[in-house]
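**Student:** My structure is below; once you've seen it, I'll send some questions.
The values are calculated or read from the model by the stated rules, or taken from the named source; none is laboratory data. Please read these numbers as outputs of a predicted model, since none were measured by experiment. Note that each Cβ is placed from the backbone with ideal geometry, even for glycine, and that neighbours are counted across all protein chains shown. Calculation scope for accessible area: heavy atoms of the full protein, side chains included, ligands and nucleic acids excluded. Shrake-Rupley method; radii C 1.70, N 1.55, O 1.52, S 1.80 Å.
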Amino acid sequence: MPAVQETVERVRTLDVDQYKYGFETDLEVDKAPRGLNEDIVRLISAKKGEPEWMTQWRLEAFRRWQTMREPGWARVNYPPIDYQDLYYYAAPKMNPAPKSLDEVDPEILKTYEKLGIPLREQEILAGVEPARRVAVDAVFDSVSVVTTFKEELRKAGVIFCSISEAIREHPELVRKYLGSVVPVSDNFFATLNSAVFTDGSFVYVPEGVRCPMELSTYFRINERNTGQFERTLIIADKGAYVSYLEGCTAPARDENQLHAAVVELVALDDAEIKYSTVQNWYPGDAEGKGGVYNFVTKRGDCRGRDSRISWTQVETGSAITWKYPSCILRGDNSRGEFYSIAISNGFQQVDSGTKMIHLGRNTTSRIISKGIAAGRSENTYRGLVSAHRKASGARNFTNCDSLLIGDRCGAHTVPYIESKNASAIFEHEATTSKISDDQMFYCLQRGLDAEEAIALIVNGFVKDVLQQLPMEFAVEAQKLISISLEGSVG
Amino acid sequence: MTDITPIRTQAETQLLDYLRHPRSSLPVGDGSVIRRADAIARLEREGLPNRRVEEWKYTDLRALLREAAPPAERPSAADIAEARAQARVFADVAAVRLDFVNGHLAAQDAPPAGVTVIGLAQALAEEHPVLSNLNRVDVAGGNASYELNRAFLSDGVVVHVAAEQAVAQPLHLRFVNRGGAPFSTAPRVLVVLDKRASLTVLESHEGDVAAQPNSVVEFVLADDAQLEHARVNTEAAGTIALSTITAVVGTRAAFRSVNLHAGTSVSRHQLFVAYEGEDARVTLGGVTVLSGTQHADTTLVVDHAVPGGESRELFKTVIDGEAKGVFQGKIVVRPDAQKTDGRMMSAALLLSPDATMNNKPELEIWADDVQCAHGATCGELDDELLFYLTARGLPREEAEALLLQAFIGEALELVTDEAIREAMTGLAIDRLAKLA
Amino acid sequence: MIEIKNLVVEIEGNRILNGLDLTVRDGEVAAIMGPNGSGKSTLSYVIAGKEEYEVLEGEILLDGENILELEPYERAARGVFLAFQYPLEIPGVATMSFLKAILNAQLKARGEAELTTPDFMRRVKAAAERLQINQDMLKRALNVGFSGGEKKRMEILQMALLQPSFCILDETDSGLDIDALRIVAEGVNALRDGKRSFLVITHYQRLLNHIVPDTVHVMSKGRIVRTGDRELALELEASGYADYVTEAA
């Protein structure tokens, strides 16, 4: 029946409009058998050509994981995950491994092209003047397919490669730092990741070097029923600086996909790491079917004096987000920052926030969180600020604002503020409000339609955080905010 | 991944033991609103709350209560006389007094016109209709401290104010504990205000014994009723005090409760407020002054279920020595509670390097047309202010005292009645003076 | 031309407009005066399309087309502009970005090409100078922290930029000192071109010394009770609204 066919087509185009990264790439794939056991862990390690110490590290994590329980304290609900029903390794077939971009499967290149990610070094992100160069590590399902600008970075002494390559080529650095910020047994998902992580990025910026360009990793889940477990490790040695961007998307699928990443940052004396994320995993359809379960452990260690770590995140995707990018402020005078925009629409559930753990003297931290809930979503900010006995002179300022769009969503704020030091000064403020009818009418009167008006007001609401993003990401994020809120009115 | 059956602590074993031989003769069986058996079953199943229970994260009762004291015996006439003579708090405020000694209703003044006072035992025996107002607040249900009161309920009183009655004289609920060996008490008070009634309730807890009181005072305000509640705790060192206030507020009702915490070794003071009628106003305030190894927890849930409610919470904590302060406050706005206006603030001053403050102010919001905010601050006395005052010639100690008084004064300002506010301010200043 | 016929409007069950008739011809400046609560602001909101007002009867024709079924932004695109009595603040949105967004939205709705950035900047700058709005203000969030006078000038700036065909000024004089009033009036007068029409709603006649109306209507209890020329405004200034209030009551 043509009418039905037409409806189906229309619905399909609507869906693609809503989540424009929902397409799938057809590739030949090298997959490990379904399920998880020691053999699979060994297989992953073997596929990666890892040394024995790494295999043992993974096995230890796996054994530990078997004794652990999935955490239940977050305000998210989802059916039990059958960890034996997933694939833990999937890689596009490429034999031998590509030496340059020309050897990468054109289908994969096309995928990144569609996603707007420049893999050719002469390309730049569109619409931004003057042209800024960004080095990209593209991770496709379980493997890193290409890393750009490697040569130029090498000249500056910066190591930017996939974590698999780093394990083989720079074992001394990996052994020293891997698991030093997020210990193997940190939490259920981090431990699982430690056992089965397949790829991710590795960055080392040597002493006194300011990384000459932005680094970025682009994560793409393509395969069905495949968990993505990437592992990122960034080390800024004394006096170094690096700005790193992370982007994520996945095809629209009916079943839920599991993503459990671990990111570790280490900043030594006077070093600075700026880590920005635009997370746009598939959020599920309008009925709440499908979508990525995003259980991520991100933690930065301000290990050195006067070091600084800044997290900026724009979270618009995933069916479930469970994510608390944190800073351990160990070095005296170190500084941690967390800037977050979390938008939930449809049936999305977000439980996200940060931990600022003040251990050193005169450590400072700043938290700006903007949560926007629409549709039937649940959006929770959960954060911890703590000052330990020795954290004299610690300072924190926290501002959490929530905006509700519609009366079927929820916005919640759960801060934990713990001080064990009298000279620590903590200030926390939180508000919840809606877009006022009068504000809306004012914008409509000036000629904006309802969705444009909401996008405008919301962009104003999140401005303090958008300002923290590198420019090209800020432009992208602004567009993403509008797209994410489509269908939130009426 | 099996559930581990926790090993019972000594206190848990003692509590369950006491419950096997209840001393109270209250009719609290399955047929009564109390249903003691449910509470006992819960204690058997869950034990005392510990830090793994989110609501008790900062007050691990299982660890803090090492030895559970037996329920208090009914006091002798001599004890009652001495206890009443000893009571100090609000002594200068003219009030109608209801005296509890060791958790038992021991003496009462004649109630003012329009007010009915009935002993809980009698009310239960008669199945008095006003008892349908017990256990009305959902969010309090299942709360460990509230349930323990139910399990150990020893005595209580029901106060009923008839419609339209504006009672001028405050009603003073006086809890005095006295004696040598530690004991526990579990009194329950129900105060019901009919439409447009108004009443002031004073509540004081004092005594010279390291007791383990667990009081529950429940307020029910019908439409347009007004209730002012001022509470002081100056119980002796060694005391482990649990207390719960619940309030149900009707349409346009106004409820105000201000607490001064200036005693005990360990305390957990809870407030649960439920909005049942639209456009009600609730103000909660508190001052807590701690030193030595004291531990004091204020936990509150303000539950907006209907439109137009307003709530204001202001809590101040001063912590010296190795003491630990806890504030957990949650504003809940349910889907129908549009136009809710909720504001909550918790401020703490840490005076010593070993002091600890844990703040957890929460918002849980399911309605879009609301204005809600919370704030929390934590720090030491403002150096610049101190300098300013000392530069004007004030000795440092006096300058500090002045700033501390100003700090807590903001919360005590919430007490409307001048005589009551002055009594509380006087006690707070005495307590602050003992910090130095 | 705008023609309002037999307009009956309620809000939350209270009748505010009670069979109001009003015509404003192209190029005409019409003033509506009246006591508080006569329904002046309601009229401006209903023309602009504010949601909570219930139109029970009547029609509003803009150049012959009934606009009552149109969304507020569609009316705006057709040339209806309301200068608010209390302009709204939009935190975080730079005034310049807001101006660009609304201008482009209207151009797009009319199927016209968007302005290039330099053209846009030129237009804003020219209008801003006339209204003595400095560049700094344009960088700040819209109306946030602006004084009453600054907010009103910003309304006129938007009017100048959007070039609407029918402008409603709702109590634009309220909260303005005499200097600000003059600047605002000059801004409005500059837009009088013989085609654009204005509906000036005001409680006091002093605004009409600066924006001289062609017609003056007196409104009471939700309808126009008297119509005259400028002299009527002066008369009202002398005698007050007492007659109309009692007449209506």
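**Student:** List the residues, sorted by chain then number, that are 5 or more residues from B:GLU362 or on another chain and whose placed amide H is less than 5 Å from its amide H.
**Tutor:** Those lying under 5 Å, H to H, from B:GLU362 are B:GLY329, B:LYS330, B:ILE331.
**Student:** Report the accessible surface area buried between chains A and B, summing both sides, using a 1.4 Å probe on protein heavy atoms only, in Å² rounded to the nearest 100.
**Tutor:** Approximately 2900 Å² gets buried when A meets B.
**Student:** I've got another one for you. Could you report the protein assembly as shown's accessible area per residue, 1.4 Å probe, as an integer in Å²?
**Tutor:** 39 Å²
**Student:** A further question follows. Once phi is turned into θ = phi - 60°, what whole-Hz ³J(HN,Hα) does the Karplus curve with 6.51, -1.76 and 1.60 give for every residue of segment B:333-342, x standing for Gly and Pro?
**Tutor:** For segment B:333-342, the Karplus curve yields 10, 7, x, 8, 7, 5, 6, 6, 10, x Hz.
**Student:** Follow-up. What is the Cα convex hull volume of segment B:221-320 when expressed per residue in Å³?
**Tutor:** Cα-based convex hull of segment B:221-320, divided per residue, equals 69 Å³.
**Student:** Using a Gaussian network model on chain C with a 10 Å cutoff between Cα atoms, which of C:ILE201, C:ILE224, C:ILE90 fluctuates the most?
**Tutor:** C:ILE90
**Student:** Moving to a separate point now. With every atom except the alpha carbons ignored, what do you get for Rg and Dmax of the protein assembly as shown, in angstroms?
**Tutor:** Expressed in Å, the Cα Rg and Dmax of the protein assembly as shown come to 34.3, 100.
**Student:** Using the scaling law 2.2 N^0.38 Å as the reference, what is the normalised Cα Rg of segment B:281-342?
**Tutor:** Cα Rg divided by the expected 2.2 N^0.38 Å: 1.41.
**Student:** Next up: Quote the Stokes-Einstein diffusion coefficient, in whole µm² s⁻¹, for segment C:1-42, based on the Kirkwood radius over alpha carbon pairs, a temperature of 25 °C and a viscosity of 0.890 mPa s.
**Tutor:** The calculation lands on 213 µm²/s.
**Student:** May I ask you to derive the FRET efficiency for C:ARG25 and C:VAL225 from their Cβ-Cβ distance with R0 = 25 Å, giving the value to the nearest 0.05?
**Tutor:** About 0.75, to the nearest 0.05.
**Student:** Cross-link partners among lysines for A:LYS323, C-alpha distance below 20 Å, same-chain residues fewer than 8 apart left out?
**Tutor:** A:LYS274, A:LYS298, A:LYS355, A:LYS370, B:LYS360
**Student:** What residues have an amide H closer than 5 Å to that of C:ARG223, excluding those fewer than 5 places away on the same chain, when H is modeled at 1.01 Å from N in the peptide plane?
**Tutor:** The list, which skips near neighbours in sequence, is C:ASN18.
**Student:** Still on this structure: Which ³J(HN,Hα) values in Hz, rounded to whole numbers, follow from the phi angles of segment C:184-195 under the Karplus curve 6.51 cos²θ - 1.76 cosθ + 1.60, where θ = phi - 60° and Gly and Pro get x?
**Tutor:** 4, 5, 4, x, 5, 4, 4, 8, 6, 9, x, 10
**Student:** Give me the Debye-computed log₁₀ of I(q)/I(0) at q = 0.12, 0.25 Å⁻¹ for segment C:96-182, equal point scatterers on Cα only, no solvent, two decimals.
**Tutor:** Debye intensities relative to I(0), on a log10 scale: -0.38, -1.40.
**Student:** Could you give me the percent of Cα pairs per 10 Å distance bin for segment C:12-113, shortest bin first, beginning at zero and ending with the bin that holds the maximum distance?
**Tutor:** Reading upward from the zero bin: 11, 39, 35, 14, 1.
**Student:** Charges at C-beta only: +1 for Lys and Arg, -1 for Asp and Glu. How large is the resulting dipole of segment B:52-94 about its Cα centre, in Debye rounded to 20?
**Tutor:** In debye, rounded to 20, segment B:52-94 gives about 120.
**Student:** How large is ³J(HN,Hα), in whole Hz, for each residue of segment B:188-204 in order, when computed from phi with the Karplus curve 6.51 cos²θ - 1.76 cosθ + 1.60 and θ = phi - 60°, using x for Gly and Pro?
**Tutor:** Along segment B:188-204, the couplings run 9, 10, 10, 10, 10, 10, 6, 3, 6, 7, 9, 7, 10, 10, 9, 9, 10 Hz.
**Student:** In square nanometres, what is one fourth of the surface area of the convex hull spanned by the alpha carbons of segment B:177-250? Please list the in-between numbers first.
**Tutor:** Details: hull surface 18.4 nm².
If I average the Cα hull's projected area over directions, I get 4.6 nm².
**Student:** Can you grab the distance from the C-alpha centre of segment B:385-436 to the C-alpha centre of segment B:50-114, Å, no decimals?
**Tutor:** Using only Cα atoms, the two centres lie 28 Å from each other.
**Student:** Moving on to the next point. Please report, to two decimal places, log10 I(q)/I(0) for segment B:319-419 at q = 0.12, 0.18, 0.21, 0.25 Å⁻¹ as given by the Debye formula with identical point scatterers on the Cα atoms and no solvent.
**Tutor:** One equal scatterer on each Cα of segment B:319-419 leads to -0.58, -0.97, -1.09, -1.24.
**Student:** Still on this structure, please answer the following. Report the normalised scattering of segment A:362-420 as log10 I(q)/I(0) at q = 0.15 Å⁻¹, calculated by the Debye formula with identical scatterers on the alpha carbons.
**Tutor:** Here log10 of I(q) over I(0) equals -0.53.
**Student:** Around A:THR277, which amide H atoms from residues at least 5 apart in sequence, or from another chain, sit under 5 Å from its own amide H, with H modelled in the peptide plane?
**Tutor:** Amide H neighbours of A:THR277: A:GLU246, A:THR312, A:GLN313, A:VAL314.
**Student:** Could you list, bin by bin from short to long, the percent of Cα-Cα pairs of chain B in 10 Å steps?
**Tutor:** 4, 22, 33, 27, 11, 2, 0
**Student:** If segment C:2-248 were replaced by its equivalent ellipsoid, with semi-axes equal to the square roots of 5 times the Cα gyration tensor eigenvalues, what would those be, largest first, whole Å?
**Tutor:** They are 30, 21, 16 Å, listed largest first.
**Student:** Using just the Cα positions, wrap segment A:165-303 in a convex hull and report its mean projected area in square nanometres, one decimal place. Provide the component values of the computation, followed by the final result.
**Tutor:** Values: hull surface 34.4 nm².
For segment A:165-303, averaging the hull's shadow over all directions gives 8.6 nm².
**Student:** If you find the alpha carbon centre of segment A:413-487 and of segment C:1-72, how far apart are they in angstrom?
**Tutor:** Cα centroid to Cα centroid, the span is 35 Å.
**Student:** In Å², nearest 100, what accessible area do chains C and A bury in total when the solvent probe is 1.4 Å?
**Tutor:** Numbers: alone 11720 and 20420 Å², together 30180 Å².
Interface area, both chains combined: 1900 Å², rounded to the nearest 100.
**Student:** Moving on. Checking a compactness column here: for segment B:71-206, what do you get for Rg(Cα) / (2.2 N^0.38 Å), N being the number of residues?
**Tutor:** Values: Rg = 15.2 Å, N = 136, 2.2 N^0.38 = 14.2 Å.
For segment B:71-206, the normalised Cα radius of gyration is 1.07.
**Student:** Restricting things to Cα coordinates, could you compute the convex hull volume per residue of segment C:197-236 in Å³? If you can, show how the numbers build up before the last one.
**Tutor:** On the way: hull volume 2.9 nm³, N = 40.
Considering the Cα atoms of segment C:197-236, their hull volume per residue is 74 Å³.
**Student:** Grab the beta carbon distance between C:ASP136 and A:SER482, set R0 = 30 Å, and tell me the FRET efficiency rounded to 0.05.
**Tutor:** Efficiency at R0 = 30 Å is approximately 0.60.
**Student:** Using a Förster radius of 45 Å, what is the FRET efficiency between B:ALA113 and C:LYS108 based on their Cβ-Cβ separation? Nearest 0.05, please.
**Tutor:** Details: r = 74 Å, r/R0 = 1.64.
Computed FRET efficiency for B:ALA113 and C:LYS108 comes out at 0.05.
**Student:** C:VAL144 label point, 7 Å along Cα→Cβ, cut-off 15 Å on backbone N: hits in segment A:441-472?
**Tutor:** Counting backbone N atoms under 15 Å from the label point, the list is A:456-468.
**Student:** Over the Cα atoms of segment A:366-490, compute the convex hull volume and normalise it per residue, giving Å³.
**Tutor:** That works out to 117 Å³ per residue.
**Student:** Moving to a separate point now. Could you give the length gained on full extension between B:ALA236 and B:ARG51, defined as 0.36 nm per residue of separation minus the Cα-Cα distance, in nm?
**Tutor:** Values: separation 185, 0.36 × 185 = 66.60 nm, distance 2.56 nm.
The span from B:ALA236 to B:ARG51 would gain 64.0 nm if fully extended.
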